[in-house]
């Protein structure tokens, strides 16, 4: 039996801060143990920053919030070398990305050049400055946010960069009962001030290594590939999901099984994770946009047309 008690403890701890968003927290944890990154598209004030901070505090990991603005430079992200007159050498000054939990706030408000400064860190878990490479501490996750309403003065992320994000999520507004609970919790102090670590970086790294041990049958792998291929063949798709998406969906399904205390992947795991792992990797056609057919609609159709394997 897979032991997921550490993940459940982290979930319970974060729920002391984030009310009524259990599924979103679970998905962030799944992305974390898959060594993936999360793109959160939502309006201001729904708890994106609190979620990132609560995750960092629960794991006793370092946390940095990068507020993306038009004037921020790539060196602010990766770091830079400064001449030291005492030694006659250049000293490396760490950039904001050299932390474990990164909140890239309003990532679409900065230039593509600065956005791309995150790519090496996200993909290779390292940064290179003036030919020197610096490894990032594990676990490492980027939680990038974007306001879906405002478009003036923004730079939409290109498809290649969106493909680097493991999942795209949305928190959404709480219901009235949940909002009353939020008000009550925040009357005296911020709940973030009271939560303590319930796991360590080493715990998460161990779980990350365990994901690959979850059994994925040949038939379920074929099911994943069929869904991916269907997104490419859909008449409303300009650009379908890439092979990187196939790998991400397989890994997400394995992590979903682990989270649910199973050592094997079910087709239901694949179907559940496809809703979050695939849509942002698909470019709808012009006709789809005119007919208001969304990326989520295309993924749903692709999954419905795939043959569910029977073991």
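The values are calculated or read from the model by the stated rules, or taken from the named source; none is laboratory data. Quantities reported herein were computed from a predicted structural model and do not represent experimental measurements. Don't worry about glycine lacking a Cβ; one is built from the backbone with ideal geometry, like all the others, and counts go over all protein chains shown.
Observations on the structure shown:
- Any hit, segment 187-199, residues being surrounded by fewer than 17 Cβ atoms within 10 Å (Cβ to Cβ), within 28 Å of residue 48 (Cβ to Cβ) and not assigned by TED's automatic domain parsing to the domain that holds residue 50: no
- Residue 121 vs. criteria in a helix (DSSP H, G or I), closer than 30 Å to residue 203 by Cα, in the same structural domain as residue 159 (by TED's automatic domain parsing) and at pLDDT below 90: yes
- Test: residue 74 is in the same structural domain as residue 176 (by TED's automatic domain parsing), crowded, with 16+ Cβ neighbours inside 10 Å and at pLDDT below 90: yes
Residues checked against (1) out of contact with any strand residue (DSSP E or B) (no Cβ under 8 Å at 6 or more places or on another chain); (2) surrounded by 16 or more Cβ atoms within 10 Å (Cβ to Cβ); (3) assigned to a loop (DSSP other than H, G, I, E, B); (4) not assigned by TED's automatic domain parsing to the domain that holds residue 167:
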| position | (1), (2), (3), (4) |
| --- | --- |
| 261 | yes, no, yes, yes |
| 268 | yes, no, no, yes |
| 271 | yes, yes, no, yes |
| 274 | yes, yes, no, yes |
| 280 | no, yes, no, yes |
| 288 | no, yes, no, yes |
| 293 | no, yes, yes, yes |
| 298 | no, yes, no, yes |
| 310 | yes, no, yes, yes |
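- The lone exception for residue 28 - which of (1) at pLDDT below 90; (2) surrounded by 22 or more Cβ atoms within 10 Å (Cβ to Cβ) it fails: (1)
- Filtering segment 200-216 to residues that are surrounded by fewer than 16 Cβ atoms within 10 Å (Cβ to Cβ) and in contact with a helix residue (DSSP H, G or I) (Cβ under 9 Å, 6 or more places away or on another chain) leaves 200, 206, 212, 213, 215.
- Flag if residue 22 is in the same structural domain as residue 185 (by TED's automatic domain parsing), free of Cβ contacts under 8 Å to residues at least 12 places away in the same chain, in contact with a helix residue (DSSP H, G or I) (Cβ under 8 Å, 6 or more places away or on another chain) and surrounded by fewer than 18 Cβ atoms within 10 Å (Cβ to Cβ): yes
- Hits in segment 163-185 (condition: touching a strand residue (DSSP E or B) at 6+ places or on another chain (Cβ under 8 Å) and either surrounded by 16 or more Cβ atoms within 10 Å (Cβ to Cβ) or without any contact (Cβ under 8 Å) to a residue 12 or more places away in the chain (or both)): 165, 166, 167, 168, 169, 171
- The set of residues in segment 50-67 that are without any contact (Cβ under 8 Å) to a residue 60 or more places away in the chain and surrounded by fewer than 19 Cβ atoms within 10 Å (Cβ to Cβ) comprises 63, 64, 65, 67.
- Checked against the criterion of being more than 28 Å from residue 6 (Cα to Cα) and under 17 Å from the mean Cα position of the chain (by Cα), the candidates 289, 251, 281, 232 yield just one match: 281.
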